[in-house]
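Novice: Structure in C-alpha cells, see below.
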Amino acid sequence: MTNYLEVRDLSKRFGDFTALGNVSLDVTEGEFVCFLGPSGCGKTTLLRAIAGLDPQTSGTIRQKGRDVSALPPAQRDFGIVFQSYALFPNLTVADNVGYGLVSRRQARGAIAKRVEELLAMVGLPDSGPKYPAQLSGGQQQRVALARALATSPGLLLLDEPLSALDARVRLRLRHEIKALQRRLGVTTIMVTHDQEEALTMADRIVVMNHGAIEQVGSPQEIYRRPATAFVADFVGSMNFLAGTLETSERVKIGGLVFACPMQDGLVVGTKVRLSIRPEDVRVRDLPADVANRVPVEVAELDFVGAFCRASLKVRTDGDVALVADFSSNLIRDLGVDIGSRLDVALPPDRVRVYAA
Amino acid sequence: MSLAAPTPKTVLRISLSRDDLLMRVGLVALVGVLLLIVALPLWALLAKGFEDRDGRYVGLANYISYFSTPALFNSALNSFHVAAVCTVIVVPMSFLYAYALTRTVLPGKWLFQGISLIPIFAPSLLPGLALVYLFGNQGFFKGLIGGSIYGFDGIVIAQVFYCFPHATMIMVTALATADARLYEAADALGASKIRVFFTVTLPGAKYGLISAALVVFTLVITDFGIAKVIGGNFNVLATDVYKQVIGQQNFSMGAVVGMVLLAPAALAFLVDRLVQRKQVALLTARAVPLIPKPKFGRDLFFTAFCTLVSAGILAILGMAAWGSLIKYWPYNLSLTLANYEFANFDANGWESYFNSLRMAAGTAIIGTALMFVGAWLNEKTRGFGVIRGIVQLLAFLPMAVPGIVLGLGYIFFFNAPNNPLNFLYATIGILVINTVAHFYTVGHLTATTALKQIHPEFESVSASLKVPIWKTFGRVTAPICLPAILDIAIYLFVNAMTTVSSVIFLYAPDTKLASVAAVNIEEAGTTAAAAALCLVIVITSAAVKALHLLADRFLLGRLQAWRRR
Ligand SMILES: Nc1ncnc2c1ncn2[C@@H]1O[C@H](COP(=O)(O)OP(=O)(O)OP(=O)(O)O)[C@@H](O)[C@H]1O
Ligand SMILES: [Mg+2]
C-alpha cells in the first residue's frame, strides 16, 4: 500500500530553539493516527506544518504523491478542528457548516441538503438555526467537526479536539469521532496529550518527545513493547529498577538476579534499567520454580477503585522497591494488608530492559 | 538499508497564496498612504526649518536665532510652566474623581460620569470664552480676582477643564481593574486604611497615574485654542507657531517652533510607551472584582467633591451657553438668538458648520475604513515582518505629533508646487486627510485590540475550507468587530468636529470649519457669536455620541442576536 502522507526530515526552528528535529513519518490512507507526547514536545508544531499553517524550516511533505511542502494552506487538502472550536460566532450553526460549500458555487438547495446531512451525521439534526453560543461545548465541537468534513477533505487534522470538554462528554465524543472516522474512511491525525485517548482511538500512535519521534506503533505495541524508557514511562505506569546487565539474559539488581528476554542491543556489564508494569507483577499460584521470584513486604496500599496499588519493599534488599496492582479479590483472598509478607514474580516475558 | 549521504537541507521558501499576495499588496499600499499623510509632511516640516525665507539651505541658522531670541525662547519656558502646573492640578483631581466613580458608593454615578465627559465634545476655545465672560475685562466676577484673567491663570483654569475628562478616563480604567482579594488580604493582616491606600491602591494605579500625567502634559503643551483666546500677552509655543506663520508669514521660523513643540510631545509619548511596556497584567483571570460597600463618611466626602467638580464643569459650559444667548454683555442681559445668525459675524455664516459636518462625516467614514482595514491587514498578514513593523511605527507616529505641527507640515508638503497632490490643497479633501492622519493612532489601536480579541484561527479555518480571506473579513471579522468599528467612527466624528489646531492652516475661504470660524469670530472680538458656534459644536457631537450609546444598547443588540446565550 502506498502512503497517503509522507513526512521527510521535517525540522522547525524558532530562532535558536528546535521545536522539531528531522521528523519522518508515513501515514497510510484511511488511518487514524495520534500524536502523543508531553506538553511542548512539538505535536501542534508538526500538525500545523502538515497543514501549512506554520510552515517547517526544512524538510518535505508529500500528500497523495503530491509535494505540498511549499504550498500555502489554501492549496492543500485538509479539514481542521481546533481545541477551542473556532466557530464563527455571528453565523448560525448551518452557516458555519456550510461555510466552505458556499464558495464552491453549488446550488443553494444542494448546500442546504449537504448541511442537513452533515448535522445529522454529527447528531445535531435540529441545531441548524441556532448560534454557536447557544450550544454546549460538546455540541460546538461536533459542529466544528461537521464544518471541517463538509468539503470532504482527504485529511482531517484535529488538535486536542476534546481537551476543553468535561470527562463524560469527552468519553462519548471519543467513540463518536472514532466511529465517524471509520465510516467515512478519512485519513485522520489527532494531537493529544491524553494517553488514554490515544490508546482507545488510534490505529497507530506516534509518541513524541523534545521535537523528535520516540516510537510509532499500534496502541498494543506502544503499551506492551515500549521502544524507549521515555515511552515506557509516559504511556501507562511502569516500575523501573536500576541494575547491571550481567549476561545478555540476566540483570543484577542489588543482591537479586532477574532473567530477562535476550538483549542484543545492550552491552553486557553496563548499567541498565529493568522495567515491568504494575499489573504484570504476579502474586497468585506461583509455581515452586517460578522465575524472578522476589520476597516482598507490603509497605503501602492505595485504594484506586477497581484495584489497589501496592508499594512493595523487597525483604532481602530494602533499597529495591516496586509497585504492583492487586485486584480486590486478591486482597480479600490472600488477606493482604500493610506489613503482609508475600512472594511475587516478575514474568521474564513481561520484563523489558533499557539502557540507564 | 542504503548509506546515502544525507541530502543537503535547503531552507524552505513557501509559495504565496492569492490571499497572501493580496494582503501584502494591501500592506504596501497602506505604508504608502501613511508615508504620504504622516511621514512626508513631517519630513517637509523638518526640512523647512533649515531653509531661509527664500528656500535656501541655511543649516542651523534658524535654530540659532530661535534660541538666541529671548521673546521666542521664553514661550517654550511658558509652555512648560503651564503644562507642569496643569498636570499637578489635573492628575490628583482626576484621580479622586475616578476613585469616587469606581471605589465608593456614589448616588447618581452615571450622571457624574457623564458630566465629566462633557469637555470632550467642546472645541478647546470654549472654556476660554466662558472665562472671558466670567472674569474678563467686563466679567461678572472680575472683582474677585486680583489681576487679569488673560494670561497664565486663565490658561491654567481652561486647560484644567479641557484635560480633565482625558485624565479621568485613564484613571477610571486604572482603578476599575482592582482585585478584591488584595484588599481582603490587607484587611485580614490588619493594615490601616492609610496603609492599604499607599500599599495596594496607589501602586495598582501607578501606570494609570503616569499615563494620565503624560497625557495632560502633552495636551496642554500642544493645545492652541485656549492660549489663543485667553492667553493675552502670555505667549506659548502653539500660539507662536500660529503667529509666525499667519501673522508674520515666516514659515521657516514657524517650522522651527513646530519642531521645538514636537520634541516634548514626542518625548512624553516615548516615555509613556516605555512605561506601559513594563506593565504586567495585574488582573488575572481569577481576580475577584471589587464592589464598593457603603461607608457614610467616605461617600459623603466624595459626593461633595464630585458635586463641586461637576458644578465647575457645568458652570463653564453653562456660562458659554448663557453668554451666547445674551444681547449685549454685560449691559443688556435680555435673551436673544441673534448671536446664532452667524452670517452677521463671519462671511461663511452657517456654511462653516455644514463644512464641519461634511468633514467630520468624511473623516469618520474614510478614517474608520482605513484604520480598520489597515489594522486587519497588519494583524492577519502571514510573514512580511519588516513591513508590518513599519506600519506599526507609522500608525503610532501621529500620537506623538501635535496637531498644529502636523498642519504646518501639510502646508509645506501639499502646497509644494512640484507635488502632484497639490490639487488637494485648499479642498475639503485635505482637511479630511489631515484629520484622519492626526487621529490615526487611537483608531488603529482600537481596531487592533478588537482584532486581537477574536479567535486567531478563523483565517486558518477559512484557508482550509478554501474560502478567500477577504470573504471571511466581510462575513465574520468585520461583523464581530462592529462595536469597535462604531467606536472608531464616533471618536473620529467628535474629534473632527472639535479640532482646531491641525486644520487652522489648511482651510480655504469656502472650506472653513465651524471650530476655525469660532476662532476667527473671537479674534474679531465677538465673544457671544464665538460661544454660540462652540455650543452648536458641543450639541452636535454630544448628540452623535448619545445616538451611538442608544444604537449600542438597542440596535446592536438586535443586529447581534448571536451575542446572547
Ligand atoms: N511561535 C513560537 N515561537 C517560539 N517557540 C514556539 C512557538 N510555537 C511553539 N514554540 C515552542 O515549540 C515547542 C513545541 O510547541 P508545540 O505547540 O508544538 O507543543 P505541543 O506538543 O503541541 O504542546 P501542548 O501539549 O502544550 O499543546 C514548545 O516548546 C513551544 O514553546
Ligand atoms: Mg499543542
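The values are calculated or read from the model by the stated rules, or taken from the named source; none is laboratory data. Being a predicted model, the structure only gives us computed values, none of them experimental. Here the Cβ is made from the backbone with ideal geometry for all residues, glycine too, and neighbour counts use every protein chain on show. Areas reflect the complete protein model, heavy atoms only, side chains present, ligands, DNA and RNA absent. Shrake-Rupley method; radii C 1.70, N 1.55, O 1.52, S 1.80 Å.
Novice: Among the residues of the range A:104-150, what is the count of those that are without any contact (Cβ under 8 Å) to a residue 12 or more places away in the chain and crowded, with 17+ Cβ neighbours inside 10 Å?
Specialist: First, the residues of the range A:104-150 that are without any contact (Cβ under 8 Å) to a residue 12 or more places away in the chain: A:105-110, A:113, A:117, A:120, A:125-126, A:134.
Next, from what is left, pick out any that are crowded, with 17+ Cβ neighbours inside 10 Å: none.
Result for the range A:104-150: 0.
Novice: Which of the residues spanning the range A:151-181 are under 15 Å from A:Glu31 (Cβ atoms) and free of Cβ contacts under 8 Å to residues at least 40 places away in the same chain?
Specialist: Scanning the range A:151-181 gives a single hit, A:Ile177.
Novice: Let me ask another. For a quick check of your reading: which helices (runs of 4 or more DSSP H) sit entirely within the range B:23-122 and have at least 3 residues that are open to solvent by less than 30 Å² (accessible area, probe 1.4 Å) and more than 26 Å from B:Ile537 (Cβ to Cβ)? Before you say what the answer is, go through the steps one by one.
Specialist: Details: elements: B:40-48, B:61-67, B:70-103, B:109-117.
Per the criteria, B:40-48, B:70-103.
Novice: Moving to a separate point now. Restricting attention to the range A:93-101, does a residue exist that is under 31 Å from the mean Cα position of the chain (by Cα) and over 16 Å from B:Leu465 (Cβ atoms)?
Specialist: For the range A:93-101, residues under 31 Å from the mean Cα position of the chain (by Cα) and over 16 Å from B:Leu465 (Cβ atoms): absent.
Novice: Okay, next question. For A:Leu71, state whether it is part of a helix (DSSP H, G or I) and either open to solvent by less than 10 Å² (accessible area, probe 1.4 Å) or within 12 Å of chain B (Cβ to nearest Cβ) (or both). Spell out the reasoning first.
Specialist: Working: part of a helix (DSSP H, G or I): no; either open to solvent by less than 10 Å² (accessible area, probe 1.4 Å) or within 12 Å of chain B (Cβ to nearest Cβ) (or both): yes.
It is false that A:Leu71 is part of a helix (DSSP H, G or I) and either open to solvent by less than 10 Å² (accessible area, probe 1.4 Å) or within 12 Å of chain B (Cβ to nearest Cβ) (or both).
Novice: Here are the criteria: (1) more than 8 Å from chain B (Cβ to nearest Cβ); (2) crowded, with 21+ Cβ neighbours inside 10 Å; (3) under 30 Å from A:Gly128 (Cα atoms). Tell me which single one A:Gln83 does not satisfy.
Specialist: A:Gln83 satisfies all of (1) more than 8 Å from chain B (Cβ to nearest Cβ); (2) crowded, with 21+ Cβ neighbours inside 10 Å; (3) under 30 Å from A:Gly128 (Cα atoms) except (2).
Novice: Now for a separate question. Enumerate the pairs (first residue in the range B:264-293 and closer than 30 Å to B:Leu106 by Cβ; second residue anywhere and at pLDDT 85 or above and in a helix (DSSP H, G or I)) with beta-carbon separation below 6 Å, excluding pairs fewer than 6 apart on the same chain, so at least 6 apart or on different chains.
Specialist: B:Asp272/B:Ser211; B:Asp272/B:Leu214; B:Val275/B:Ile210; B:Pro292/B:Arg103
Novice: Residue pairs, Cβ under 8 Å, 6 or more apart or interchain, first in the range B:301-330 and more than 17 Å from B:Glu341 (Cβ to Cβ), second open to solvent by 30 Å² or more (accessible area, probe 1.4 Å) and among the β-branched types (Val, Ile, Thr). List them.
Specialist: From residues that are more than 17 Å from B:Glu341 (Cβ to Cβ), the pairs are B:Ile313/B:Ile118; B:Leu314/B:Ile118; B:Leu317/B:Ile118.
Novice: If A:Ser11 passes every condition in (1) farther than 16 Å from A:Phe82 by Cα; (2) surrounded by fewer than 22 Cβ atoms within 10 Å (Cβ to Cβ); (3) in contact (Cβ under 8 Å) with a residue 40 or more places away in the chain; (4) within 16 Å of ligand 2 (Cβ to nearest atom) but one, which one does it miss?
Specialist: Only one criterion in (1) farther than 16 Å from A:Phe82 by Cα; (2) surrounded by fewer than 22 Cβ atoms within 10 Å (Cβ to Cβ); (3) in contact (Cβ under 8 Å) with a residue 40 or more places away in the chain; (4) within 16 Å of ligand 2 (Cβ to nearest atom) is unmet by A:Ser11, namely (4).
Novice: Which condition number does A:Asp289 fail, the rest of (1) farther than 24 Å from A:Gly318 by Cα; (2) at pLDDT below 90 being met?
Specialist: That leaves (1) as the condition not met.
Novice: How do the helices (runs of 4 or more DSSP H) wholly within the range B:186-302 filter down when requiring 3 or more residues that are under 22 Å from the mean Cα position of the chain (by Cα) and buried (at least 22 other Cβ atoms within 10 Å of the Cβ): which remain?
Specialist: Numbers: elements: B:193-196, B:206-222, B:225-230, B:237-242, B:251-278.
Helices (runs of 4 or more DSSP H) meeting the threshold: B:206-222, B:225-230, B:237-242, B:251-278.
Novice: Turning to a different aspect of this structure: Any idea which residue in the range A:94-105 is nearest to the other protein chains (Cβ to nearest Cβ), counting only those that are more than 12 Å from B:Arg475 (Cβ to Cβ) and of a type in the set (A, V, I, L, M)?
Specialist: A:Leu101
Novice: Considering (1) within 14 Å of another protein chain (Cβ to nearest Cβ); (2) in a helix (DSSP H, G or I); (3) not aliphatic (A, V, I, L, M), say which one B:Gly443 fails and leave the rest.
Specialist: (1) is the only condition that B:Gly443 fails.
Novice: Could you check how many residues of the range A:300-342 are surrounded by fewer than 14 Cβ atoms within 10 Å (Cβ to Cβ) and closer than 27 Å to A:Ala259 by Cα? Don't jump to the end; show me each part of the working.
Specialist: First pass over the range A:300-342, keeping only residues surrounded by fewer than 14 Cβ atoms within 10 Å (Cβ to Cβ): A:300, A:302-306, A:316, A:318-319, A:328-329, A:332-335, A:337-339, A:341.
If we keep only those that are closer than 27 Å to A:Ala259 by Cα too, we end up with A:300, A:316, A:318-319, A:334, A:341.
Selection size over the range A:300-342: 6.
Novice: A follow-up question, please. Criterion first (within 18 Å of B:Val503 (Cα to Cα) and open to solvent by 20 Å² or more (accessible area, probe 1.4 Å)) does B:Tyr328 satisfy it? Reasoning before the result, please.
Specialist: On the way: within 18 Å of B:Val503 (Cα to Cα): no; open to solvent by 20 Å² or more (accessible area, probe 1.4 Å): yes.
When the stated conditions are applied, B:Tyr328 does not pass them.
Novice: Could you pull out the residue among A:Val272, A:Val336, A:Val290, A:Val294 that is in contact with a Phe, Trp or Tyr (Cβ under 9 Å, 6 or more places away or on another chain) and assigned to a loop (DSSP other than H, G, I, E, B)?
Specialist: Testing whether each residue is in contact with a Phe, Trp or Tyr (Cβ under 9 Å, 6 or more places away or on another chain) and assigned to a loop (DSSP other than H, G, I, E, B) leaves just A:Val336.
Novice: Same structure, new question: Whether any residue in the range B:412-427 is assigned to a helix (DSSP H, G or I), of a type in the set (Val, Ile, Thr) and on the phi < 0 side of the Ramachandran plot is what I want to check. Don't jump to the end; show me each part of the working.
Specialist: First pass over the range B:412-427, keeping only residues assigned to a helix (DSSP H, G or I): B:412-414, B:420-424.
With of a type in the set (Val, Ile, Thr) added as a condition, the list becomes none.
No.
Novice: Still on this model: Test of understanding: among A:Gly211, A:Gly243, which residue is in contact (Cβ under 8 Å) with a residue 12 or more places away in the chain, open to solvent by less than 20 Å² (accessible area, probe 1.4 Å) and within 16 Å of ligand 1 (Cβ to nearest atom)? Break it down into steps so the answer makes sense when it comes.
Specialist: Numbers: A:Gly243 fails: within 16 Å of ligand 1 (Cβ to nearest atom).
The conditions single out A:Gly211.
Novice: Pairs under 6 Å by beta carbon, first residue open to solvent by 10 Å² or more (accessible area, probe 1.4 Å) in the range A:183-194, partner more than 16 Å from ligand 2 (Cβ to nearest atom), six or more apart or different chains?
Specialist: Correct list of pairs: A:Gly185/A:Gly30; A:Val186/A:Leu156.
Novice: So A:Thr60 passes all but one of these: (1) open to solvent by less than 10 Å² (accessible area, probe 1.4 Å); (2) touching a strand residue (DSSP E or B) at 6+ places or on another chain (Cβ under 9 Å); (3) at the interface with chain B (Cβ under 9 Å from one of its Cβ atoms). Which condition number does it fail?
Specialist: Tallying (1) open to solvent by less than 10 Å² (accessible area, probe 1.4 Å); (2) touching a strand residue (DSSP E or B) at 6+ places or on another chain (Cβ under 9 Å); (3) at the interface with chain B (Cβ under 9 Å from one of its Cβ atoms), A:Thr60 fails exactly one: (1).
Novice: Which of the residues belonging to the range A:19-68 are more than 16 Å from ligand 2 (Cβ to nearest atom) and of a type in the set (A, V, I, L, M, F, W, C)?
Specialist: Of everything in the range A:19-68, those that are more than 16 Å from ligand 2 (Cβ to nearest atom) and of a type in the set (A, V, I, L, M, F, W, C) turn out to be A:Leu25, A:Val27, A:Phe32, A:Ile61, A:Val68.
Novice: While we're here: Listed residues B:Phe493, B:Phe473; which is open to solvent by 20 Å² or more (accessible area, probe 1.4 Å) and within 14 Å of another protein chain (Cβ to nearest Cβ)?
Specialist: Matching residue, one of B:Phe493, B:Phe473: B:Phe473.
Novice: Next question. Please work out if A:Leu101 is of a type in the set (A, V, I, L, M), away from ligand 2 (no atom under 16 Å from the Cβ) and within 22 Å of A:Gln140 (Cα to Cα). Give the steps one after another, and end with the answer.
Specialist: Working: of a type in the set (A, V, I, L, M): yes; away from ligand 2 (no atom under 16 Å from the Cβ): yes; within 22 Å of A:Gln140 (Cα to Cα): yes.
The answer is yes for A:Leu101.
Novice: Another question, if that's okay. Pairs only if they're at least six apart or on different chains, beta carbon under 8 angstrom, first in the range B:336-350 and loosely packed, with under 14 Cβ neighbours inside 10 Å, second at pLDDT 85 or above; list them, first residue then second.
Specialist: B:Leu337/B:Leu325; B:Ala343/B:Trp350; B:Asn344/B:Ala529; B:Ala347/B:Pro509
Novice: Look through A:Leu47, A:Leu53, A:Leu36, A:Leu91 and report the one residue that is open to solvent by less than 30 Å² (accessible area, probe 1.4 Å), at the interface with another protein chain (Cβ under 10 Å from one of its Cβ atoms) and within 12 Å of ligand 1 (Cβ to nearest atom). Before you say what the answer is, go through the steps one by one.
Specialist: Values: A:Leu47 fails: at the interface with another protein chain (Cβ under 10 Å from one of its Cβ atoms); A:Leu36 fails: at the interface with another protein chain (Cβ under 10 Å from one of its Cβ atoms); A:Leu91 fails: within 12 Å of ligand 1 (Cβ to nearest atom).
When all the criteria are applied, what remains is A:Leu53.
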